[in-house]
Amino acid sequence: TGLALTLLGLLLSWRAVRQQMQAEAALRESEQRQRLAARVFEAASEGIVITDASNRILSANSAFAEMSGQREAALVGRHVFRLCAPDVQRETLQQIRLALVANGQWRGEIALRTTRDQRQPLELSIVEMRNESNQLSHRIYVCRDIAELKYAQARIRHLAYFDPLTGLPNRSYLATRFDAMLADAKARRIPLAVVFFDLDGFKEINDTLGHSAGDVMIRTIARRLGAHIRANDVLCRFGGDEFLLLLPDSDHEQTMSLVGELLKHVNQPLQLEGRTVSTTISAGFSLYPEDADDGESLVRDADMALYR
């Protein structure tokens, strides 16, 4: 009996030691996972913010601190939505809140306000975390800087719709803008003038002084035309040495007067390759609804008026 009790005591002691060893191993593994998570948190190129259930910042990594231009210590305790740029609409924030209530996550684009009051566009993902009682405990915000992407997209749009030589809208832009302006003129029952401009003797300039001189002339004409039109008028480079001007709410007399003023400003000498060159530009215009009621016909009639 004494031997049995001794063996039982040894067995219980061994189990206790084993349980302690397992607990210590589990603790070391947990600490290792925490250290690994902390390293990933800090090393991530994406900005990461952890908040409590009330959206108060508990922690932010270095990437997010750099995006916001603030130290992590200055971010802790702040409401995360207070970091949004001023132009972020309340409706957007409300949509985020509703999505989190419905799905526990949200993904989209939002803008961050930096310490220099600059606007920093971000791609943002939000995920909610819940505890063992299924109560909301934390939210994790992961964001990526998309400023360069936005710039590239804007650049592509600009190249698609604006002439690289003059900076004016091109024919692609005109195709969409013209339809909208014509629809507005029809709805409001107001006139719309379409003015066609063509530079006289442009081929001779290119042939005698070269294409660089021709480019200078085109840019000069574009600048002179653009400097003397109204805020709601739309001036486009139609192609080559041709320009098209849309004048909303401009009748025959108003269009005649404005075109006459434009020709006086445009038809002035300019310096090309060290020489004084005289420039003249011809113009013709058509009117909606007097001459036509569709864009193609109005452009054709303005072109015909120019050559007449």
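The values are calculated or read from the model by the stated rules, or taken from the named source; none is laboratory data. Quick caveat, the model's predicted, so the values are computed rather than measured. When we count neighbours, we look across all protein chains shown, and the Cβ atoms used for this are built from the backbone with ideal geometry, even at glycine. The area values use the complete protein model at the heavy-atom level, side chains included, leaving out ligands, DNA and RNA. Shrake-Rupley method; radii C 1.70, N 1.55, O 1.52, S 1.80 Å.
Under the convention that each Lys and Arg Cβ holds +1 and each Asp and Glu Cβ holds -1, the size of the dipole of region 186-308 around its Cα centre is about 440 debye. In this calculation the C-beta distance from residue 97 to residue 73 is compared with R0 = 22 Å, giving a FRET efficiency of 0.20. Solvent-accessible area per residue in the chain equals 61 Å², computed with a 1.4 angstrom probe and all protein chains kept. Summing +1 for each Lys or Arg and -1 for each Asp or Glu among the other residues whose beta-carbon sits under 15 angstrom from that of residue 261 gives +1.
Taking R0 as 30 Å, what FRET efficiency do you get between residue 109 and residue 42 from their Cβ-Cβ distance, rounded to the nearest 0.05? That pair, residue 109 with residue 42, gives E of 0.75. The simple spin-label model puts a point 7 Å past each Cα toward its Cβ; for residue 62 and residue 188 those points are separated by 5.6 nm.
Label-to-label distance for residue 263 and residue 134 is 8.1 nm, based on points extended 7 Å past Cα in the beta-carbon direction. Summing +1 for each Lys or Arg and -1 for each Asp or Glu among the other residues whose beta-carbon sits under 13 angstrom from that of residue 150 gives 0.
For residue 146 and residue 290, the difference between the fully extended length at 0.36 nm per residue and the C-alpha to C-alpha distance is 46.9 nm. Across every pair of non-identical alpha carbons in the chain, the mean reciprocal distance, once inverted, gives a Kirkwood radius of 25.9 Å.
Subtracting the Cα-Cα distance of residue 204 and residue 252 from 0.36 nm times their residue separation leaves 14.0 nm of extension gain.
When the solvent-accessible area of the chain is split by element, carbon and sulfur atoms take up 51 percent of it, the probe being 1.4 Å. Computed from the alpha carbon positions, the gyration tensor of region 257-308 leads to an equivalent ellipsoid with semi-axes of 30, 11, 8 Å, biggest first.
Given their separation in residues at 0.36 nm each and the Cα-Cα distance between them, residue 171 and residue 270 gain 32.9 nm when the chain is fully extended. Helical content of the chain, expressed as a calculated mean residue ellipticity at 222 nm, amounts to -16000 deg cm²/dmol (DSSP H runs of 4 or more residues, -39,500 (n - 2.57) each, divided by residue number, nearest 500).
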